[in-house]
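Inspection log for the structure reproduced underneath, given as structure tokens.
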Amino acid sequence: RFIIKGSLAGAAVYVAYDQGLLGSGTQGAEALKKAQAALPPAIQEWTSYLGWEVRALHLPPTPEFDFSPSDSWNKGVQSVMSALSVAPTRACEYTVEGWKYVKDLVK
């Protein structure tokens, strides 16, 4: 079982790497566009292979995504760096507030 699971996990990682999902945000966006373009023909092929009537399925069109992984990644990195840059100042402020609170309790 362990060998089978390990093989499947390795194959999944290889396919993700091969398709560009583990690369930069731009490569991920390109892989998403390729998947959106390939999905309807693949569904058509499988339905004809299985003998299903495509007319009866009435599959909706694939949704259009206005989403850029690279922009989201950049915004996340900027948010983290911003939080890290103000962390020392915030730590000092919280320390001063904590000491004031302790002094007020002692009085």
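The values are calculated or read from the model by the stated rules, or taken from the named source; none is laboratory data. Keep in mind that what you see is a predicted model, and the values were worked out from it rather than measured. Cβ: placed from backbone, ideal geometry, glycine included. Neighbour counts: every protein chain shown. To get the accessible areas, we keep the full protein, side chains included, count just its heavy atoms, and leave off ligands, DNA and RNA. Shrake-Rupley method; radii C 1.70, N 1.55, O 1.52, S 1.80 Å.
The figures follow:
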{"item": "All positions within the range 37-63 that are under 20 Å from the mean Cα position of the chain (by Cα) and at pLDDT below 70", "result": "T62, P63"}
{"item": "Residue list for the range 8-29, restricted to those being more than 17 Å from S72 (Cα to Cα), of a type outside the set (A, V, I, L, M) and open to solvent by 80 Å² or more (accessible area, probe 1.4 Å)", "result": "Y14, Y17, D18, Q19"}
{"item": "Where a residue in the range 1-15 is of a type in the set (A, V, I, L, M, F, W, C) and its partner, wherever it lies, is open to solvent by 80 Å² or more (accessible area, probe 1.4 Å), with Cβ under 9 Å and at least six apart", "result": "V13/L22; V15/L21"}
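Results for (1) among the aromatic types (F, W, Y); (2) within 21 Å of Q27 (Cβ to Cβ); (3) under 36 Å from the mean Cα position of the chain (by Cα), shown as yes or no for each residue.
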site: S82; (1), (2), (3): no, no, yes
site: P88; (1), (2), (3): no, no, yes
site: W99; (1), (2), (3): yes, no, no
site: V102; (1), (2), (3): no, no, no
